[in-house]
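The values are calculated or read from the model by the stated rules, or taken from the named source; none is laboratory data. Worth saying up front: this structure is predicted, and the values here are computed from it rather than measured. For neighbour counting, all protein chains shown are included, and Cβ atoms are generated from backbone atoms with ideal geometry for every residue, glycine included.
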Amino acid sequence: MPTIDALKDFADQFKRVSEAATKLDENANVVTFLVNNRNLVKFVLDGGAKTVDDLATLLRRPGMTQDLLVNLLTKESLTISEIRSTIVKGVPAETHELPEAIRFGALEGGGEFEFFGNSQGVEGVFRPTNKQGVETPVSLKSFHDVSSLGSLPREIRRNSNQAQAVGIENAIFYGEPIQFNTNQLADFATNGPIYQQIVQDGAFSKIILKGSDGIVEITRSGVRIIK
């Protein structure tokens with residue numbers, strides 16, 4: 001005998017699916033997308049009509065192809081809300097930079113990330129939605145092939161030196177050393193050269209490191225873990 005809660009859950013899910021079906025009738029591009037990528041139907045079943053609207057918006061974005069959206073949702077494990085939060089302009093020099101720019105933008109509350117054609121220690125600028133007129137240089141770095149914490153400062157310092165050489169200051173560094181957890185990253189940042197030499201004296205006013213279980217943020221005020 002089903003419980004009252006189970007019946008309510010079923011009713012809620014039925015309502016979501018019904019509302020999503022209505023929205024799908026209005027968005028042929030989303031229908032085509034889901035037919036070609038049946039494994040992503042779960043997003044619509046879970047999110048309902050709003051997810052259909054979000055997918056329609058993303059598929060209308062300049063430069064957003066079906067294959068790219070599938071890659072961001074599956075291989076890069078980005079959420080639909082993360083992808084929606086940040087509009088990306090320009091062309092990244094490396095494939096890892098696009099998902100990193102989106103994750104960075106989502107962490108900062110959403111906005112616009114514009115890639116430079118030729119970077120000098122920074123890959124582009126970020127314009128946050130909640131701070132009109134603000135434009136911050138951002139450096140992006142993939143650490144997927146780094147096996148030692150000791151290698152992090154060298155890579156960060158290289159970008160900092162390049163940025164300083166062309167007069168860039170108060171930039172933000174964003175990297176994804178996801179092979180390390182936040183405690184490892186925070187301890188190393190507090191006691192090693194990342195905080196003492198790079199943030200205090202370099203081009204970066206903030207360093208954000210994405211670990212396996214959260215975010216470590218390093219500023220001139222100190223180091224903190226954001227789960």
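Annotations for the structure displayed:
- Looking across Gln162, Gln196, one residue alone is at pLDDT below 90 and either in a helix (DSSP H, G or I) or in contact with a Pro (Cβ under 6 Å, 6 or more places away or on another chain) (or both). It is Gln196.
- Search result, residues across the stretch 138-149 that are touching a residue at least 24 places away in the same chain (Cβ under 8 Å) and within 23 Å of Asn181 (Cβ to Cβ): Ser139, Leu140, Lys141, Ser142, Phe143, His144, Val146, Ser147, Leu149
- Strands (runs of 3 or more DSSP E) completely within the stretch 58-129 that count 1 or more residues being in contact with a Phe, Trp or Tyr (Cβ under 7 Å, 6 or more places away or on another chain) and aromatic (Phe, Trp, Tyr): 111-115, 124-128
- Filtering the stretch 196-215 for residues that are under 22 Å from Glu76 (Cα atoms), in contact with a helix residue (DSSP H, G or I) (Cβ under 9 Å, 6 or more places away or on another chain), exposed (fewer than 15 other Cβ atoms within 10 Å of the Cβ) and of a type in the set (Gly, Ala, Ser) leaves a non-empty set.
- Leading residue by the ranking (nearest to Asp67 (Cα to Cα)) among those in the stretch 2-43 that are at pLDDT 75 or above and part of a loop (DSSP other than H, G, I, E, B): Asn37
- Evaluation of Glu114 against (1) assigned by the TED database to the domain that holds Glu155; (2) in contact with a Lys or Arg (Cβ under 6 Å, 6 or more places away or on another chain); (3) more than 29 Å from Arg157 (Cα to Cα); (4) not aliphatic (A, V, I, L, M) (one fails), failing number: (3)
- If you filter the stretch 123-168 down to residues that are within 20 Å of Lys89 (Cα to Cα) and of a type in the set (Lys, Arg), you find that the one that is surrounded by the most Cβ atoms within 10 Å (Cβ to Cβ) is Lys141.
- Residue check, Lys210 outside any loop (DSSP other than H, G, I, E, B), more than 15 Å from the chain's Cα centre (by Cα) and of a type in the set (D, E, K, R): no
- Comparison of Glu108, Glu123, Glu100, Glu135 shows that the only residue that is closer than 17 Å to Lys206 by Cα, under 18 Å from the mean Cα position of the chain (by Cα) and without any contact (Cβ under 8 Å) to a residue 12 or more places away in the chain is Glu135.
- Among residues of the stretch 27-54 that are within 19 Å of Arg84 (Cβ to Cβ), none has a beta-carbon under 6 Å from a residue that is hydroxyl-bearing (Ser, Thr, Tyr) and at pLDDT 95 or above at least six positions away or on a different chain.
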